[in-house]
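Participant: Okay, here's the structure, questions in a sec.
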Amino acid sequence: MKKALLVSSVTVAALMGAVTLAQAVDQPPKADPAMQKVLDALASLGGKPIESLTPVEARKQPTPADAVKKVLTGMGKSSAPEADVTVKDMMIAGPLGNFPIHIFTPEGKGPFPVMVYFHGGGFVFADTKTYEASPRALAKMAKAITVSVDYHQAPENKFPAAPNDAYAAYTWTLEHAKEINGDPMRVAVGGESAGGNLATVVSIMARDKQATMPVHQLLIYPVVDADMTRPSYMTNATAKPLNKAMMAWFFKHYAGDPTNPYALPIKAASLKGLPPATIIGAEIDPLLSEGKAYADRLKKDGVAVSYKQYMGVTHEFFGMGAVVPKAKEAEQFAADALKKAYATSAH
């Protein structure tokens with residue numbers, strides 16, 4: 001009887017150990033203190049789980065940018081945008097009608113190199129205002145005009161509305177660069193998350209159309225695949241501010257063709273001929289694995305890639321340079337890559 005109880009105890013202990021191990025695997029990595037402060041501020045704003053909301057409701061939820069403002073206020077610092085950059089708002093024409101762009105211009109004489117920038121938000125919500133810290137920082141640090149694009153969003157305008165707008169904004173920038181004090185021979189593309197997707201998709205579209213290519217693509221934790229079995233999807237299934245359930249919600253509303261490279265660039269038969277790329281990954285992010293896989297795939301197809309992963313930070317950390325030191329490092333890394341690309345393509 002004692003032997004049976006002992007075996008039973010060992011079995012229970014083993015099962016409990018297995019459960020603990022499973023929980024550990026599913027637990028996202030620990031955020032560094034500065035990042036955690038932003039996550040705590042975001043939690044205190046009382047947002048609801050995005051995957052439980054309609055797109056209209058989701059667009060009203062507090063954002064990581066709101067959390068950064070709260071942290072700054074708590075530190076007794078101003079949450080006003082950084083100076084030394086002017087912003088001009090415009091409307092341009094696209095396949096579905098007019099849409100807004102926002103032109104961030106650094107101080108100086110020009111003509112400046114240019115980056116066409118696409119914000120994140122899963123193709124469903126957010127806009128340039130939400131992500132303003134990023135194009136503003138890149139304009140200032142890379143000494144480049146940053147044209148930020150508010151493309152049409154899903155589900156009201158499903159795929160391929162966003163990539164078509166993105167490409168229209170890119171061609172507009174090439175054609176009108178001189179009018180905004182930019183250099184049409186030095187135009188890069190970049191973006192975060194869904195915007196990283198659009199940046200590389202614009203590059204693929206330009207190649208396919210045999211059009212003028214961007215001189216560089218800056219891809220910050222880009223959405224390039226829909227495979228939710230990748231390791232980072234497992235590790236960061238419950239991460240904040242982006243998790244696996246939210247990504248499923250985004251894909252449901254975006255409804256891109258899962259085999260179309262203009263929806264999921266990693267599906268392209270070839271990535272040969274694309275511009276050199278800088279890819280930034282965050283450790284606590286479901287998209288980490290696919291970003292690294294895309295970097296490897298670009299390299300395999302002969303594209304020069306500079307890849308960097310930042311530990312202890314989450315999806316959305318880029319642009320948080322005012323409160324997260326690693327975000328400032330990533331912004332500088334991105335700006336340096338852009339400056340190098342512009343210098344290489346100078347004429």
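FYI, it's all coordinate maths here, none of it is from the lab. Bear in mind the structure is a predicted one, so any value in this text is a computation, not a measurement. So basically every Cβ, Gly included, is an ideal-geometry build from the backbone, and we count neighbours across all protein chains shown.
Participant: Just check the range 81-170 against the gyration tensor rule for me: Cα atoms, a ≥ b ≥ c as the square roots of the eigenvalues, rounded for a/c under 1.5, and otherwise prolate or oblate depending on whether a/b exceeds b/c.
Facilitator: It comes out prolate by the Cα gyration axes.
Participant: Okay, moving on. Given axes a ≥ b ≥ c from the Cα gyration tensor, I'd like to know whether the range 26-344 is rounded (a/c under 1.5), prolate (a/b larger than b/c) or oblate. Could you put the intermediate results ahead of the total?
Facilitator: On the way: a/c = 1.38, a/b = 1.15, b/c = 1.20.
Rounded is the answer for the range 26-344, as its axis ratio a/c remains below 1.5.
Participant: Which trypsin sites (Lys or Arg not before Pro) does the range 87-137 hold that lie in a coil by DSSP with at most 11 other beta carbons within 10 Å?
Facilitator: 109
Participant: DSSP loop GluC sites (Glu not before Pro) in the range 25-94 with at most 16 other Cβ atoms within 10 Å of their Cβ, which ones?
Facilitator: On the way: sites: 51, 57, 82; in loops: 82.
Counting only loop positions with at most 16 other Cβ atoms within 10 Å, the GluC sites (Glu not before Pro) in the range 25-94 are 82.
Participant: List the residues whose amide H sits under 5 Å from the amide H of residue 94, counting only those 5 or more places along or on another chain, with H placed 1.01 Å from N in the peptide plane.
Facilitator: The list, which skips near neighbours in sequence, is 99.
Participant: Place the peptides 142-155, 201-214 in order of packing, highest mean first, counting for every residue the other Cβ atoms within 10 Å and averaging per peptide.
Facilitator: Taking the mean over residues of other Cβ atoms within 10 Å, the ranking is 142-155, 201-214.
Participant: How much of the DSSP beta bridge set in the chain is antiparallel, as a percent to the nearest 5?
Facilitator: 35 percent
Participant: Same structure, new question: Could you list, in their original order, any pairs among 88/143; 37/326; 209/292; 88/328; 143/328 whose Cα atoms are separated by more than 18 Å?
Facilitator: Pairs exceeding the cut-off: 209/292; 88/328.
Participant: Highest GNM mean-square fluctuation, the chain, Cα pairs closer than 10 Å: which of 53, 138, 198?
Facilitator: In this elastic network of the chain, the residue with the biggest mean-square fluctuation among 53, 138, 198 is 53.
Participant: How large is the helix-only mean residue ellipticity at 222 nm for the chain, computed as the sum of -39500 (n - 2.57) over DSSP H runs with n ≥ 4, divided by its residue count, in deg cm²/dmol to the nearest 500?
Facilitator: Dividing the helical sum by the residues of the chain leaves -13000 deg cm²/dmol.
Participant: Over the chain, with a Gaussian network built from C-alpha contacts below 10 Å, which listed residue (299, 70, 48) shows the highest mean-square fluctuation?
Facilitator: Checking each option, the largest mean-square fluctuation is seen for 48.
Participant: When the Cα centres of the range 170-202 and the range 35-72 are compared, how far apart do they sit, in Å?
Facilitator: Measuring centre to centre over Cα atoms gives 29 Å.
Participant: Taking the range 108-206, which GluC sites (Glu not before Pro) meet the DSSP loop condition and have no more than 14 other C-beta atoms within 10 Å?
Facilitator: On the way: sites: 132, 156, 175, 179, 192; in loops: 132, 156.
Sites meeting the loop and neighbour criteria: 156.
Participant: Something else now. Is the shape of the range 213-347 rounded, prolate or oblate, going by the alpha carbon gyration tensor and its root eigenvalues a ≥ b ≥ c, with a/c under 1.5 for rounded and a/b larger than b/c for prolate?
Facilitator: oblate
Participant: Give, as ranges by residue number, the residues of the range 35-51 whose backbone N falls under 20 Å from the point 7 Å along Cα→Cβ of residue 252.
Facilitator: Taking a point 7 Å out along Cα→Cβ of residue 252, the residues of the range 35-51 whose backbone N falls under 20 Å are 47-51.
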